[in-house]
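The values are calculated or read from the model by the stated rules, or taken from the named source; none is laboratory data. Model, not experiment: these values are computed from the prediction. Quick reminder, even Gly has a Cβ in these numbers, built from the backbone with ideal geometry, and neighbours come from all protein chains shown. Surface accessibility is based on the protein's heavy atoms, side chains included, excluding ligands, DNA and RNA. Shrake-Rupley method; radii C 1.70, N 1.55, O 1.52, S 1.80 Å.
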Amino acid sequence: MLDLRKVAVTGGVSCGKSQLCLFLKELGAYVVSTDKIVHQLLSPETDLGKKVTHLLGPEIIENNKIDRKAVAKKVFGNHELLKSLEMITHPEVFQEVEKQYEQCRKEKDHPLFVVEIPLLFEVGSEGWFDTTITVSANEADCIERFEASTGLSKNSYYQRMARQLPPNEKVALADIASTNDGSLEDLRYEAKKIFKQLTTNT
């Protein structure tokens, strides 16, 4: 029996990763979002914030906060700069993920440790996990959700997708493929199936 199963949830932009994770959390899983960790670690005072500011320039700071939109504007479309940013942020983010895993493992309050990680396969982190899940959805739905939730354009969606593997490749690489082309209730049912599968086969 595994000590505490480590599960990665990945997928393209606005495919429903966060919603699936939310449903898994409701069922009892401990859920971590790498995007939220970046957000927490990224302030002008932290070591990570200082490194990022040194890389991208002081203009990314507004009202004593690192403006994520300013960061995105600088790195999307500049592959080398984006790569440099990822090399700075990913090790620190993963350190925090491991810290939370150890804490969760000691507390023994949760049957699964789930990490929402958009660039799982791209950064080669899949080996740390016991199970990988890729969420995929119809591209038109993803674009619609992206525009509605961010207020950004379709072009911004494609810029973000350009740094990721194509969704079909992510599906092929994952242990479990979850298709989010139906209603929220369909996805909730899918989450229950996955949760049961992962907690009964430990």
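Tabulated data
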quantity	calculated
In sequence order, calculated HN-Hα J values of segment 13-18 (Karplus, 6.51, -1.76, 1.60; Hz; x Gly/Pro)	5, 6, 8, x, 4, 5
Computed label-point distance, nm, for sites Leu27 and Glu96 using a 7 Å Cα→Cβ extension	2.6
From phi via Karplus (6.51, -1.76, 1.60), per-residue ³J(HN,Hα) for segment 183-192 in Hz, x at Gly/Pro	8, 4, 5, 4, 5, 4, 5, 4, 4, 4
Percent antiparallel among DSSP beta bridges (both partners in the chain, rounded to 5)	10
Identified option (computed volume of the Cα convex hull per residue in Å³; candidates (i) 106; (ii) 154; (iii) 125)	(iii)
Most fluctuating residue given options Asn63, Asn168, Asn155, as computed from a GNM of the chain linking Cα atoms under 10 Å	Asn63
Highest-fluctuation residue, Thr46, Thr89, Thr134 considered, GNM on the chain with Cα pairs under 10 Å	Thr46
Accessible surface of segment 46-94, 1.4 Å probe, proportion on carbon and sulfur as whole %	55
MRE, 222 nm, helices only [DSSP H, n ≥ 4, -39500 (n - 2.57), over the chain, to nearest 500]	-17000 deg cm²/dmol
Entries of Lys25/Lys73; Lys51/Lys154; Lys154/Lys192; Lys25/Lys69; Lys50/Lys74; Lys51/Lys170 with Cα pairs more than 24 Å apart	Lys25/Lys73; Lys51/Lys154; Lys154/Lys192; Lys25/Lys69; Lys51/Lys170
GNM top mover of Ala174, Ala137, Ala72 - the chain, alpha-carbon springs below 10 Å	Ala72
Centroid-to-centroid separation of segment 105-134 and segment 1-50 [C-alpha atoms, Å]	9
Compactness of segment 61-166 as Cα Rg over 2.2 N^0.38 Å, two decimals	1.27
Long-range amide H partners of Ser33 with built H, under 5 Å	Glu116
Neighbourhood net charge (15 Å Cβ-Cβ; Lys/Arg +1, Asp/Glu -1) for Ala177	-3
Solvent-accessible heavy-atom area per residue, rounded to whole Å², over the chain at 1.4 Å	55
J(HN,Hα) series, segment 129-137, from Karplus relation 6.51 cos²θ - 1.76 cosθ + 1.60, nearest Hz, glycine and proline x	9, 7, 9, 10, 10, 10, 9, 10, 8
